[in-house]
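S.K.: Mind having a look at this structure? Questions to follow.
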């Protein structure tokens, strides 16, 4: 029997596979497909304090091996989440992680503080990296200073562990990662989507209503692996890797490059039970390679 | 809602770009309702990445039918599947047409434009078995765009066709045909599926005639089951306009809820 558990220090997971925010609804959407307790954890869709309308459609466009989305964090807001959804998630034996958003730095703190007063949340993921909510795809994760300030503000108001989610749309990802670590984040997750665009030749218009969006899917995996590798070498906190993971082999690549755990995103749309297949595939791979503990894969890259 | 990874394709019929597939998929067939749809995996690799939303044309006993038109890479790959192949289907999805019980004995207009005819056959069957009298309006650019005409007629439905080029039936848009018929008849309800311009025009006609209606909308979809929020359309509900998911809150919406100016180009 392979031991799939991983220990992030602040959080023990039964396996390293976490469903990624923005691709897993509020969790309940996947209940018809499988027992959520089988997951290492899942991250619910990003929450602002107030409900949010999201961007004008069309919001999706497929590109080779990828998907550009410009959803714009449509959602019910943190109050409705705590009132209507969180009780439904109570009793789950998996890590429920809540993705926290903000129009400005203080809103992140308000949302985190509100969530901190509720039971059943294993950790917060700070979404300082969504490319779809500000003009030109800007976000706090593009600046080490803004990253530091946001993490610090949230740390001050909650004792819940923080996972800071970074953007690939930067010049030096390690500078941002170090800033998050210095501000006290318990872990780093990366990468969020890559700022992208597609054009309709017939109409000469952008294919997305919001012009630009975030690219995800297999197309971005090599960039994500590279950035996980760079960050894992630079920081001491655990790194959670994501970006185009569709198979156990993809997950293992991230782990070898330094990820302690992984998140699975776009694959959930194609196969609602993608996470389960990947968890199963990790066991198969470990058995085939005579490995007793999957956590031994983390950082095992020969470089 | 189930994933049937081994739905067997038992029959393929085709007319140019239009395809009618029959699947053996007992579990989905048992749950299916008119107006619901499937998310179909068209490729084993990541090109294209996403499943394709295709509406249900019929469900009977253990079998499902879909009727679709090749419109891009995904539907082209789907059209190349052969009888005997197993295909991964997710469904049935969404909220379909709601059948009003008071319609029994009354005439009901079912208006389909092009491939929008797909969900109306199943709907018309259900309407007929509940005692209503469906009249199917089937519009296309040309007579080659009306491949289901004979089939609909031989199953005993009253079918009125229109072609933009006048090659069959009423010459002109299907919406003009509906308007002409409304001068002679008084249907109790209208159901429609088709391209947005057709539906927007129909909405205007229904409002003018005070005719209640439900419309099935199309949208680009990521997942089909409410997780991605990619397929939204602007909907007016409880006095508020907001983006609702076509996959979960729809694809069928009551006429008065649909806000047209924000319509999807999709």
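The values are calculated or read from the model by the stated rules, or taken from the named source; none is laboratory data. Here the structure is a predicted model, which is why all the values come from computation and not from measurement. Glycine also receives a Cβ, built like all others from the backbone with ideal geometry; neighbour counts cover every protein chain displayed.
S.K.: Based on what the data block shows, is residue B:223 over 17 Å from the mean Cα position of the chain (by Cα) and within 24 Å of residue B:123 (Cα to Cα)?
M.R.: Against the criterion (over 17 Å from the mean Cα position of the chain (by Cα) and within 24 Å of residue B:123 (Cα to Cα)), residue B:223 does not qualify.
S.K.: With respect to the numbered conditions (1) within 11 Å of chain A (Cβ to nearest Cβ); (2) over 20 Å from residue B:91 (Cβ atoms), which one is the sole condition not fulfilled by residue B:230?
M.R.: Only one criterion is unmet by residue B:230, namely (2).
The rows are residues; the columns are (1) more than 10 Å from every other protein chain (Cβ to nearest Cβ); (2) in contact with a strand residue (DSSP E or B) (Cβ under 6 Å, 6 or more places away or on another chain).
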| residue | (1), (2) |
| --- | --- |
| B:168 | yes, yes |
| B:176 | yes, no |
| B:180 | yes, no |
| B:204 | yes, no |
| B:210 | yes, no |
| B:222 | no, yes |
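S.K.: Okay, next question. Can residue B:112 be described as away from chain A (no Cβ under 14 Å), surrounded by fewer than 20 Cβ atoms within 10 Å (Cβ to Cβ) and either part of a strand (DSSP E or B) or over 10 Å from the mean Cα position of the chain (by Cα) (or both)?
M.R.: no
S.K.: A further question on this structure: Restricting to helices (runs of 4 or more DSSP H) lying wholly in region A:243-303: which have 2 or more residues that are modelled with pLDDT of 95 or more and away from chain B (no Cβ under 12 Å)?
M.R.: Because the criterion is at least 2 residues that are modelled with pLDDT of 95 or more and away from chain B (no Cβ under 12 Å), the helices (runs of 4 or more DSSP H) in region A:243-303 that meet it are A:248-256, A:274-288.
S.K.: I've got another one for you. Could you tell me which numbered condition residue B:199 fails, if it satisfies all but one of (1) crowded, with 23+ Cβ neighbours inside 10 Å; (2) out of contact with any helix residue (DSSP H, G or I) (no Cβ under 7 Å at 6 or more places or on another chain); (3) not assigned by TED's automatic domain parsing to the domain that holds residue B:116?
M.R.: All conditions are met except number (3).
S.K.: Right, here's the next one. Somewhere in region A:72-81, is a residue outside any loop (DSSP other than H, G, I, E, B), farther than 26 Å from residue B:50 by Cα and touching a residue at least 60 places away in the same chain (Cβ under 8 Å)?
M.R.: no
S.K.: Among the residues of region A:34-68 satisfying the criterion of being assigned to a loop (DSSP other than H, G, I, E, B) and at the interface with another protein chain (Cβ under 7 Å from one of its Cβ atoms), which is surrounded by the fewest Cβ atoms within 10 Å (Cβ to Cβ)?
M.R.: A:64
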